[in-house]
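Computed from the coordinates by the stated procedures, all read-outs in this text should not be read as laboratory data. Given the structure is predicted, the values throughout are model-derived calculations rather than measurements. Ideal geometry is used to build each Cβ from the backbone, glycine not excepted, and the neighbour counts take in all protein chains shown.
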Amino acid sequence: MALSGVEIFKLLPKTNCKKCGHPTCLAFAMKLAQRQVSLDACPDVSEEAKRVLGEASAPPVRPTVFGAGDKAVKMGEETVMFRHEKKFVNPCVLAVEIKDTMSEEEISGLVDEVVHSEMDRVGQKLRIDAVFISNASHDAGKFEAVVKAVAAKAPAVPLILSTSNASSAEAAVKAVADKKPILYGADESNADAMANVAKTHKVILGVSAKGVEALSTLTEKIKALGVEDMVIDHGARTAKEILKNNTLIRRAAIKKNFKPLGFPVITFAQRDDSMLEALMATLGIAKYSSIVVLSKIEKWKNLSLFTSRQNIYTDPQVPMQVEQKIYKIGEPSAESPLMITTNFSLTYFIVSGEVENSRVPCRLAVMDSEGLSVLTAWAAGKFTASKIAQFIQESGIENEVKNKELIIPGYVAILSGAIEEKLPGWKVTVGPREANALPTFLKSRA
Ligand code: SF4
């Protein structure tokens, strides 16, 4: 159970020495109770207090990493129910299922799709993160062979190995233990044997039960067997039940610090209907799943899931921004158009995407507006005639362009006269209001 501020205070040195940056031990204790500071900030805390407080101040959803190398993924560490309270920490892992009954070509094709699923969106690399290999054949040799083949073809991709047979698990996990996979498939019937495999090879254990109550009993039992890192599955497969159980688990972990449910949750979204699968996966992303398993990869689905995940896992208090500078799109000459916009990531990527679509080489001046979009930045006084003129003058672009013409977004047409006044010798042209009109606008000038 979480300790209150007063209970934490009783365990601190009570010297009010201020070394932690707080005026009193009580103030520090209150912050610690709200998980806003780390116990490490107090250098004088006793070993006994460290043991008690370390456990009480651990994140309510256990931090867990699976995979090895730069594609390893972090899960857990969540501390809030809603992203606006603080932020969600570790983005939901998207995994695609490979059954060991599939043909070699199918398996190879799916692995290729995973490897090539990476895309760049507003400056972040997004991808299908992992492969979920299921022992659908119930044949230990076949399972091991497929696990080895996938690991050889995509050595960096994290793996989840799914089997309820401890012998199959032992052989497959042993083959790829260095890749720190998840072994999924422990339940009430095989908990001892599966825990033994997970413990021997130091891998995360995926635990499933029918319902939240049975699940918490099982995780306690498995923890007593010596396995600390788990991923949990409450067994629900309908949208309504997934939403209900995921919420119950998150609430129990966050609000009550109920350790038996303080683990990352895995959700199975596989459906024959791709649209339904995308909706199920989106539900998992939005509502507390740390892993969502898909049946297949489709580009449209990737794009929608990546976007949902990215939106939910960005910090709502920090606008996404790109660097202030003049970006070249294509290979602009001295006569190519020069446009200006703000440094809100979405604005930059939408505008630059439309300019690329036009195939007209351009320069795009991206001005620091603290991550605000054009109209918001203008309203907030961060995209004004003076600031635009100053940015253009200081950028040195004047020496690179022949025509001193600056194209401004249509939404701030009102600034055109003032910019011309502050930028002597420059002509200001008002561009379209919406980015999707840019290709027509640019081609008409070419
Ligand atoms: Fe108290 Fe420790 Fe902070 Fe000093 S550093 S004020 S002892 S909590």
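Numerical summary
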{"quantity": "Flag for Lys74 being in contact with a Pro (Cβ under 9 Å, 6 or more places away or on another chain) and either part of a helix (DSSP H, G or I) or away from the ligand (no atom under 16 Å from the Cβ) (or both)", "calculated": "yes"}
{"quantity": "Residue match in segment 30-39 (condition: among the hydrophobic types (A, V, I, L, M, F, W, C), surrounded by 15 or more Cβ atoms within 10 Å (Cβ to Cβ), free of Cβ contacts under 8 Å to residues at least 12 places away in the same chain and more than 29 Å from Ser274 (Cβ to Cβ))", "calculated": "no"}
{"quantity": "Check on Glu78, farther than 30 Å from Gly353 by Cα and either surrounded by 17 or more Cβ atoms within 10 Å (Cβ to Cβ) or in contact (Cβ under 8 Å) with a residue 24 or more places away in the chain (or both)", "calculated": "yes"}
{"quantity": "Hits in segment 5-28 - residues which are of a type in the set (Ser, Thr, Tyr) and free of Cβ contacts under 8 Å to residues at least 12 places away in the same chain", "calculated": "Thr24"}
{"quantity": "Entirely in segment 123-236, the strands (runs of 3 or more DSSP E) that have 2 or more residues that are surrounded by fewer than 19 Cβ atoms within 10 Å (Cβ to Cβ)", "calculated": "124-126"}
{"quantity": "Pair list, Cβ < 6 Å and 6+ apart or interchain, from segment 233-255 residues that are in contact (Cβ under 8 Å) with a residue 12 or more places away in the chain to residues that are of a type in the set (Lys, Arg)", "calculated": "Gly235/Lys210; Leu243/Lys287; Asn246/Lys287"}
{"quantity": "Some residue of segment 414-424 being of a type in the set (Gly, Ala, Ser), in contact (Cβ under 8 Å) with a residue 12 or more places away in the chain and in contact with a Lys or Arg (Cβ under 9 Å, 6 or more places away or on another chain)", "calculated": "no"}
